[in-house]
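Scroll down for the structure; my scribbles are underneath it.
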Amino acid sequence: MTATVERTSPEVTPSAFRRWTASDSFSAWAFLIPFLVIYLLFLLYPVVQAVIMGFFDWDFLDISDRTFIGLENYGRMFWGTNMTWDATHIWQWRILGLLGVPLIIRAKRRGSITRTAMIALVVGLIAVFAIAMGVHPGVDGRWYDSQFWGSFGNTLLFTVMSTPAIVGLGLALAIALNRPGRLVGFLRTLFFAPYVLSVAVLTLIWAFLLNPTTGLIGAAFESVGLEPINWLNNTTWAMPAIVVTTLWWTVGFNLVLFLAGLQDIDKSQYEAADIDGANGWEKFQFITVPGLRRTTLLVVTLQIIASFQIFGQVFIMTRGGPNGATRVAIQHIYESGFRDFELGYSSAMSLFLFVVMVGISVLQFKFFPEEG
Amino acid sequence: MTTATTTPPRTQTTEERAHRNRKMRSRLFMAFLFVAAIIWIIPMVWMFSLSLTPNNILQLDTTNLLPQSPTLENFSDVISVGLTPRWFLNSMIVTGVTTLFTLILSAMAGYAFARIDFKGKKLAYPLVLAGLMVPKEAMFVPLFLMFAEVEQHNTFHALALPRIAAPLGVFIMTQFFTAIPNEVEEAARVDGATRWKTFTTVMLPMAAPALTALAIFTFVLTWNDFLWPLVSATQREMFTITTGLASLQGNFAQATELGALMARGVVASLPLLILFVIFQRQLIRGISIGSGGKG
């Protein structure tokens, strides 16, 4: 596979070759049907089904028992009692969201989106982050489902904490290990190896590793005279501990992608820089960083999408505890459906998560067009 | 470089020294990386060590990286106590079937998209690509309902089908077949071979590297699948090794059985670790073409 590959329609075969037999369309569909049937049934249709279910009060224990309730599930997610509006409510998150505005304007300047799209997106961002997210329950008020905000907030927190750490370490390791040699190859293997473990093995190792009485980390703390910390039972430390666990597990994946990206950079650029007397930092800044642009954007997007789907680590290691500190979106969706038996509500929340994630991928495709 | 250097031979010496210095620094850096990699792998070594240590020793000390009085009793416990062998078999079946069908269906669909010009392609291909954006874990509730309505949960096909529906393989195979020059297929066509025959005897063998990469990648992802088996296979006999092992981690106080638990972790990882050692290159390639669309 040496061809450069883009996300476009595959090329049409030349005209002399166009008609193999009279029944070309027939043979094409014969090749396609087995996959398409399964694909439509088990990948696309569930999205439609989620939309439908979101309008119903749908009982898990008796799936034929369902009542149409319109938008009530969404009201329960997004609304509460005694609602009020504040300019400063959760302002940190809202400013983070509004940072998208300069990105959009830059994309317009570079011509990757139209003027109308720019206006629509800017208005949309302002509507969501500046206005809608200022709405919250006032005095004596409460969200109808405060766990919805808590768990989606934790997913966001995990994403914000883990993405820079995993991407940054992956990049650093890739640069350090981007050289020939058997030993280096062996080291790459060691850093990558945890990626092939399943989430249940990961949690098995790390739950005991982080355990203050049985684990190695506790032992290391004791050996230097420190009191071991019960990481997973501590509201401050539980989420960072999950982030470190995930970092250990998945950094190899990003390492591999960054290594592939580094190997695509033209070596002669470095040689030319050597002749010009550039130092290591300058070479990194002016050759490596621009050369890795496409890879970095890809890695960051994949990382964000993977982080939004975090579930197994927390579900097995902490069950969302202590005190809800690590309860994440998918756990809330799972428990609403499979513990509280409300399939309709849990579908509505899946759909929300789905829309947010598709939104992120679309933005990535639109705003960071693949260059060279 | 403390001595003043003026004569040519001495200058050479300084250059050599600078070179040696650089070499020294590079060695130091490698040593640092080596230590970091060893630390990185300690958690896995620890799992192996605990799995080989008798449980009565583990009640006193769990911090050894080399097993004390090593034993295989934990592994015989895996075979004789509980459902681990059954879960292992379930995982083998589901993962094997999923990988096989992913390869067949992806190769067929990819061939059609890449090599045949037909009505509806402009609609069908973007439709498949759109699926790349559907996050795997987001749609498990409606999927659960679909299988529940026809009472098909706790079956192997319920575990495998949603995985086979993934469009990534089709995307990879389409890209691969598009890159093959026309002359290859032309020769078979002139010889009077049918589409199907050309596909199976000419195109598929050429696609072996791409298929291997796709197979390894699919195998790893399916073996490690957690959320879907968790909701679909709820009878203990139908657990996969991943959900089964997770179910054993519920009560934490069982440090008495730590060795046996770690042995189960080792068993659950073994197929993938073996695959990884043999097919590391293909797995890494699968990752880069699968996520970056490049190879």
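Across segment A:97-113, what is the number of residues that are open to solvent by 80 Å² or more (accessible area, probe 1.4 Å) and either among the basic types (Lys, Arg) or touching a helix residue (DSSP H, G or I) at 6+ places or on another chain (Cβ under 8 Å) (or both)?
Matching residues across segment A:97-113 total 3.
Which ones in segment B:167-211 are more than 7 Å from every other protein chain (Cβ to nearest Cβ), outside any helix (DSSP H, G or I) and open to solvent by 10 Å² or more (accessible area, probe 1.4 Å)?
Within segment B:167-211, B:Ile180, B:Pro181, B:Asp191, B:Gly192, B:Ala193, B:Thr194 qualify.
Sort through A:Thr250, A:Thr235 and tell me the only one that's more than 7 Å from chain B (Cβ to nearest Cβ) and out of contact with any helix residue (DSSP H, G or I) (no Cβ under 7 Å at 6 or more places or on another chain). Please lay out each step first, then the result.
Numbers: A:Thr250 fails: out of contact with any helix residue (DSSP H, G or I) (no Cβ under 7 Å at 6 or more places or on another chain).
Unique residue meeting the criteria: A:Thr235.
For A:Glu370, work out the one condition from (1) within 13 Å of another protein chain (Cβ to nearest Cβ); (2) modelled with pLDDT under 90; (3) in contact with an Asp or Glu (Cβ under 9 Å, 6 or more places away or on another chain); (4) part of a helix (DSSP H, G or I) it doesn't fulfil.
(4)
Among the listed residues A:Arg76, A:Arg109, A:Arg66, identify the single one that is of a type in the set (Lys, Arg) and farther than 28 Å from B:Met139 by Cβ. Break it down stepwise before answering.
Working: A:Arg76 fails: farther than 28 Å from B:Met139 by Cβ; A:Arg66 fails: farther than 28 Å from B:Met139 by Cβ.
The unique qualifying residue is A:Arg109.
Take the residues of segment B:151-177 that are β-branched (Val, Ile, Thr) and at pLDDT 90 or above: which is nearest to A:Val48 (Cα to Cα)?
Ranking the candidates gives B:Ile164 first.
Residue check, B:Gly250 against (1) away from chain A (no Cβ under 11 Å); (2) modelled with pLDDT under 90, all met but one. Which one?
It fails just one condition, (1).
What are the residues in segment B:57-93 that are among the hydrophobic types (A, V, I, L, M, F, W, C), in a loop (DSSP other than H, G, I, E, B) and surrounded by 13 or more Cβ atoms within 10 Å (Cβ to Cβ), if any?
Applying the first criterion (among the hydrophobic types (A, V, I, L, M, F, W, C)) to segment B:57-93 yields B:57-58, B:60, B:65-66, B:72, B:75, B:78-79, B:81, B:83, B:87-89, B:92-93.
Now drop any that are not in a loop (DSSP other than H, G, I, E, B), which leaves B:60, B:65-66, B:72, B:81, B:83.
Within segment B:57-93, just B:Leu83 meets the criteria.
Return the residues of segment A:256-272 that are more than 13 Å from chain B (Cβ to nearest Cβ) and crowded, with 16+ Cβ neighbours inside 10 Å; say none if nothing qualifies. Before you say what the answer is, go through the steps one by one.
If we filter segment A:256-272 for residues that are more than 13 Å from chain B (Cβ to nearest Cβ), which is where we start, we get A:265-272.
Residue satisfying the conditions is A:Ile265 alone.
If you take the residues in segment B:126-156 that are touching a residue at least 24 places away in the same chain (Cβ under 8 Å) and more than 10 Å from every other protein chain (Cβ to nearest Cβ), which one is most open to solvent (accessible area, probe 1.4 Å)?
Step by step, filter segment B:126-156, then rank; the result is B:Phe156.
Exactly one condition in (1) modelled with pLDDT of 90 or more; (2) surrounded by fewer than 22 Cβ atoms within 10 Å (Cβ to Cβ) is not met by B:Gly244; state its number.
The one condition B:Gly244 does not meet is (2).
Please state which one of A:Glu342, A:Glu282 is buried (at least 18 other Cβ atoms within 10 Å of the Cβ) and either in contact with a Phe, Trp or Tyr (Cβ under 9 Å, 6 or more places away or on another chain) or more than 9 Å from chain B (Cβ to nearest Cβ) (or both). If you could, list the steps in order and put the result at the bottom.
Values: A:Glu282 fails: buried (at least 18 other Cβ atoms within 10 Å of the Cβ).
Criteria check complete, one pass: A:Glu342.
List every residue pair whose Cβ atoms lie under 6 Å apart, where the two residues are 6 or more positions apart in sequence or sit on different chains, the first residue falls within segment A:101-122 and is not assigned by TED's automatic domain parsing to the domain that holds A:Leu363, and the second residue, located anywhere, is open to solvent by less than 70 Å² (accessible area, probe 1.4 Å) and of a type in the set (Lys, Arg).
A:Met118/A:Lys108
Please work out if B:Leu221 is on the phi < 0 side of the Ramachandran plot, open to solvent by 50 Å² or more (accessible area, probe 1.4 Å) and more than 7 Å from chain A (Cβ to nearest Cβ). Before the answer, list the steps.
Numbers: on the phi < 0 side of the Ramachandran plot: yes; open to solvent by 50 Å² or more (accessible area, probe 1.4 Å): yes; more than 7 Å from chain A (Cβ to nearest Cβ): yes.
So B:Leu221 fits the description; yes.
Only residues that are facing chain B (nearest Cβ under 9 Å) and open to solvent by less than 60 Å² (accessible area, probe 1.4 Å): list them for segment A:285-305, please. Show your work before the answer.
Just the residues of segment A:285-305 that are facing chain B (nearest Cβ under 9 Å), to begin with: A:294-295, A:298-299, A:302, A:305.
Across segment A:285-305, the qualifying residues are A:Thr295, A:Leu298, A:Val299, A:Leu302, A:Ile305.
The values are calculated or read from the model by the stated rules, or taken from the named source; none is laboratory data. Please read these numbers as outputs of a predicted model, since none were measured by experiment. Glycine gets a Cβ as well: all are built from the backbone with ideal geometry, and neighbour counts include every protein chain shown. Calculation scope for accessible area: heavy atoms of the full protein, side chains included, ligands and nucleic acids excluded. Shrake-Rupley method; radii C 1.70, N 1.55, O 1.52, S 1.80 Å.
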